[in-house]
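Here is the structure we will look at.
The values are calculated or read from the model by the stated rules, or taken from the named source; none is laboratory data. Not measured: the values here are computed from a predicted model. Methodologically, a virtual Cβ is constructed for each residue, glycine included, from the backbone with ideal geometry; neighbour enumeration extends over all protein chains shown. Only protein heavy atoms, including side chains, enter the accessible area calculation; ligands, DNA and RNA are left aside. Shrake-Rupley method; radii C 1.70, N 1.55, O 1.52, S 1.80 Å.
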Amino acid sequence: MQKANAGAPKRTGTTGTLVASYNVHKCIGLDRKFDPERTSRVIREIDPDVIALQEADNRFGDRDGLLDLSRLEHETGLVPVPIAANGKGHGWHGNVLLFKKGVVRDVHQIRLPGLEPRGAVVAEIDLDGNRTLRVIAAHLGLLRRSRSQQARVVLDIMNSPDATPTLLLGDLNEWRLGNRSALNTLHVTFGPLPPAVPTFPSNLPLLALDRIMANRHGMISAVEAHDTPLSRVASDHLPLTAFVRL
């Protein structure tokens with residue numbers, strides 16, 4: 001496993017689209033304070049072109065969204081991918097996908113199997129008129145059996161006849177590596193998997209629960225944890241970042 005990066009992602013010497021995945025833990029930090037503004041500050045630190053958030057809505061009740069997305073858009077240019085929601089929530093089962101530039105061509109909301117309410121958002125984004133990127137933003141379950149079932153659903157999504165460059169971003173909740181991993185089935189499309197970077201717990205990252213994967217070899221580089229004084233306390237996960245070249 002690689003160690004978490006000691007600072008923010010550096011654009012110097014690295015080119016491409018900066019993508020990130022961040023489990024915001026319902027905007028509750030390690031200090032047990034509910035602080036959406038602090039969560040937004042971490043996102044501003046990252047300054048991503050595309051970011052997938054997990055646990056950005058309340059889990060129960062009306063599933064209200066927890067962030068000020070209008071202010072975040074004003075400050076960062078990040079626009080949420082539109083989904084059919086209840087009008088109060090940001091995303092689908094807590095998954096929110098935001099991007100800076102491009103046009104959303106297609107969006108699907110996928111219910112994932114398992115005992116817990118889990119889901120994925122699948123979006124195709126036309127980045128600049130001639131490059132299309134498919135992004136699968138997911139949050140897999142805590143049970144190994146559920147994760148295995150959910151990984152197979154992700155592969156079913158990829159069984160389309162086209163060869164669209166595709167990213168899988170999210171909290172995949174799998175700390176096991178090798179043959180014991182529930183993510184082994186993903187090797188068919190996303191293998192060989194990039195190095196596992198520890199992101200949990202944020203104050204002493206030991207487990208690589210968050211992942212960024214691509215269906216093309218060499219498409220992603222510089223996979224790192226966004227490890228700063230602010231991100232270490234804002235959530236129980238560190239954000240994960242990578243650069244994408246199409």
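Okay, here's what the table says:
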item: Some residue of the stretch 159-169 being among the hydroxyl-bearing types (Ser, Thr, Tyr) and touching a Leu at 6+ places or on another chain (Cβ under 9 Å); result: yes
item: Tally, over the stretch 198-209, of residues that are crowded, with 20+ Cβ neighbours inside 10 Å and not in a loop (DSSP other than H, G, I, E, B); result: 1
item: Residue identified as touching a strand residue (DSSP E or B) at 6+ places or on another chain (Cβ under 9 Å), more than 30 Å from VAL233 (Cβ to Cβ) and either open to solvent by 10 Å² or more (accessible area, probe 1.4 Å) or in contact (Cβ under 8 Å) with a residue 24 or more places away in the chain (or both) among ARG134, ARG180, ARG118; result: ARG134
item: Count - residues of the stretch 183-195 that are assigned to a loop (DSSP other than H, G, I, E, B) and open to solvent by less than 10 Å² (accessible area, probe 1.4 Å); result: 1
item: Within the stretch 182-216, tally of residues that are small (Gly, Ala, Ser) and more than 19 Å from LEU167 (Cβ to Cβ); result: 2
item: Boolean, THR185 is farther than 21 Å from ARG144 by Cα and of a type in the set (Val, Ile, Thr); result: no
item: All strands (runs of 3 or more DSSP E) inside the stretch 94-172 with 3 or more residues being of a type in the set (Val, Ile, Thr); result: 103-112, 118-126, 132-139
item: Identity of the residue in the stretch 94-109, over 15 Å from the mean Cα position of the chain (by Cα) and of a type in the set (A, V, I, L, M, F, W, C), that ends up most open to solvent (accessible area, probe 1.4 Å); result: VAL103
item: Tally of residues being part of a loop (DSSP other than H, G, I, E, B) and open to solvent by less than 10 Å² (accessible area, probe 1.4 Å) across the stretch 210-222; result: 1
item: Test for LEU69: is it modelled with pLDDT of 85 or more and either basic (Lys, Arg) or open to solvent by less than 40 Å² (accessible area, probe 1.4 Å) (or both); result: yes
item: Test: ASP171 is in contact (Cβ under 8 Å) with a residue 40 or more places away in the chain and among the charged types (D, E, K, R); result: yes
item: Verdict on THR241 being closer than 30 Å to GLU45 by Cβ, among the hydroxyl-bearing types (Ser, Thr, Tyr) and in a strand (DSSP E or B); result: yes
item: Count of the stretch 27-44 residues which are open to solvent by 50 Å² or more (accessible area, probe 1.4 Å) and either among the basic types (Lys, Arg) or part of a helix (DSSP H, G or I) (or both); result: 5
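Conditions (1) over 12 Å from the mean Cα position of the chain (by Cα); (2) more than 19 Å from GLY218 (Cα to Cα), marked per residue:
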site: THR15; (1), (2): yes, no
site: VAL19; (1), (2): no, no
site: ASN23; (1), (2): no, yes
site: LYS26; (1), (2): yes, yes
site: ASP35; (1), (2): yes, yes
site: SER40; (1), (2): yes, yes
site: ARG44; (1), (2): yes, yes
site: LEU53; (1), (2): no, yes
